[in-house]
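All remarks here apply to the structure that follows.
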Amino acid sequence: MVKRLATVIASALASVIVPAAAFPTMTVDPAPAPLNPPLVGFSFSPAAVPSDVDPERALAALLSTLQPDLVRLPIYWSSVAPTPTSLDYTEVDRLIATIEAHNSKKGSRHTQVVLVVGARNLVYPEVHLPDWLDTRDVHQLDKLLKTPSYRTYLETTYRRYAPLSFLRAWQVENEPLDNASLNELTNGAIPASTLRSEVDLLRSIDLVHEVVVTTFNSSHVALDARAASPLGWLYAHLPGAKPAGHPAQALTMGDTLGLDLYVVTDSTPLDVVTPSTRIAWKEETLDYWQGRAQDHGRALWVTEMQASPWIGTTGFTLDDLLSSALAYRGHGVSAYLLWGVEDWLDSPGWMETGITAIGLLRGGRPTSNLLTHS
């Protein structure tokens, strides 16, 4: 069996032809220098706060307490398109006005915004479609997006907010190349060609602000390296752990690669590998992908840094948040966006620890008794 496998690999090595489009390497511009200090902030979604909590007040409280450099806000197609022929940005405008009001207060840290546009967007179920859209018997999300209404939503949104004075960046879709289940029948991944067309549309309107494309990655950097190699197709057919996410492809599609880092989820076997080990693995990930991003003329962001327990789990602790901040800071990352801060609003312990973590990510000095939480 071993001899036969060796023969197959040798034959593959002799005959492999990797399409150039699979791993583009052309660098258009030199990579920007990593920001130092980096920008630190959080993601915020009205869908992540309880139904009896006013989203604007929740955001205002987080802005006042955490003083972020960045806030990432979703612009849901499902929310702004009440009908196939109308758009209503009232909810988005209120959140943006909340940030503007924060910035106008004396002594407030100036906060910029990252706007996430697309059907793939923040918070479960990850695919957010209008109620009026007929999703029956559709097996590919991409087919649902080939409508005049979706194109109008994208173009109108880009034009509406491109002049915003405190817009830092756009994010086109969220983890678009990775699958997400719309229903039992539909594949929620967006083809690379569709994503590129959305980015091209944005750039035809706004050449000023950077474009972020996000993905998650494997548990260990060795798996990422295998997937990014010309033999990635072969590793996918060999026994053992498989790579996850699409960072090699994502970094070729925008100006900035956004990595989403989670160490404790509902599918994480903590009895096999501890959170501290997984945090160390993610730290190695940052060095690897920062190097790859630089080679491609891109910047690296951590667009989702786990900062709260995954829903239904208790394995991610206050100490894990602080350990993550200590491990991830530096490494050429230009921006960190914490995920799950909406949960801090009714938890003073998490809020206090989150403030410390933000300071660490900005380069603050850790104290000797930092990791003392239970």
Quiz item: Just to be sure, is Val53 modelled with pLDDT of 95 or more and either among the aliphatic types (A, V, I, L, M) or open to solvent by 60 Å² or more (accessible area, probe 1.4 Å) (or both)?
Solution: no
Practice problem: Mind listing whichever residues of segment 253-263 are outside any strand (DSSP E or B), surrounded by 20 or more Cβ atoms within 10 Å (Cβ to Cβ) and not hydrophobic (A, V, I, L, M, F, W, C)? | Solution: Gly254, Asp255
Quiz item: Within segment 114-154, can you find the residues that are of a type in the set (Gly, Ala, Ser) and over 27 Å from Glu304 (Cα atoms)?
Solution: Ser149
Quiz item: Which of the residues spanning segment 229-248 are in contact (Cβ under 8 Å) with a residue 40 or more places away in the chain and surrounded by 20 or more Cβ atoms within 10 Å (Cβ to Cβ)?
Solution: Gly245, His246, Pro247, Ala248
Quiz item: Is there a residue being open to solvent by less than 30 Å² (accessible area, probe 1.4 Å), among the polar types (S, T, N, Q) and modelled with pLDDT of 95 or more anywhere in segment 311-320?
Solution: no
Practice problem: Say whether the condition of being in contact with a strand residue (DSSP E or B) (Cβ under 8 Å, 6 or more places away or on another chain), under 26 Å from Pro191 (Cα atoms) and outside any loop (DSSP other than H, G, I, E, B) is met by at least one residue in segment 97-113. | Solution: no
Quiz prompt | Unmet requirement for Thr314, which otherwise passes all of (1) out of contact with any Ser or Thr (no Cβ under 7 Å at 6 or more places or on another chain); (2) more than 24 Å from Leu122 (Cα to Cα) | solution = (2)
Self-check item: Considering residues of segment 199-221 that are more than 20 Å from His296 (Cα to Cα) and assigned to a helix (DSSP H, G or I) only, the residue nearest to the chain's Cα centre (by Cα)
Solution: Leu202
Exercise. Tally the residues that are closer than 22 Å to Gln249 by Cβ, part of a loop (DSSP other than H, G, I, E, B) and touching a residue at least 12 places away in the same chain (Cβ under 8 Å), restricting the search to segment 140-177.
Key: 6
Exercise. Could you pull out the residue among Ala299, Ala293, Ala280 that is in contact with a Pro (Cβ under 7 Å, 6 or more places away or on another chain) and open to solvent by less than 50 Å² (accessible area, probe 1.4 Å)?
Key: Ala299
Exercise. Quick one: in segment 67-91, of everything that is open to solvent by 10 Å² or more (accessible area, probe 1.4 Å) and part of a helix (DSSP H, G or I), which residue is farthest from Gln171 (Cα to Cα)?
Key: Thr90
Exercise. Could you give me the residue pairs with C-beta distances under 8 Å whose first residue belongs to segment 102-127 and is touching a residue at least 24 places away in the same chain (Cβ under 8 Å) and acidic (Asp, Glu), whose second residue is buried (at least 20 other Cβ atoms within 10 Å of the Cβ) and outside any loop (DSSP other than H, G, I, E, B) wherever it lies, and which are 6+ apart or on separate chains?
Key: Glu126/Arg120
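The values are calculated or read from the model by the stated rules, or taken from the named source; none is laboratory data. Since we're looking at a predicted model, the values are computed, not measured. For neighbour counting, all protein chains shown are included, and Cβ atoms are generated from backbone atoms with ideal geometry for every residue, glycine included. To get the accessible areas, we keep the full protein, side chains included, count just its heavy atoms, and leave off ligands, DNA and RNA. Shrake-Rupley method; radii C 1.70, N 1.55, O 1.52, S 1.80 Å.
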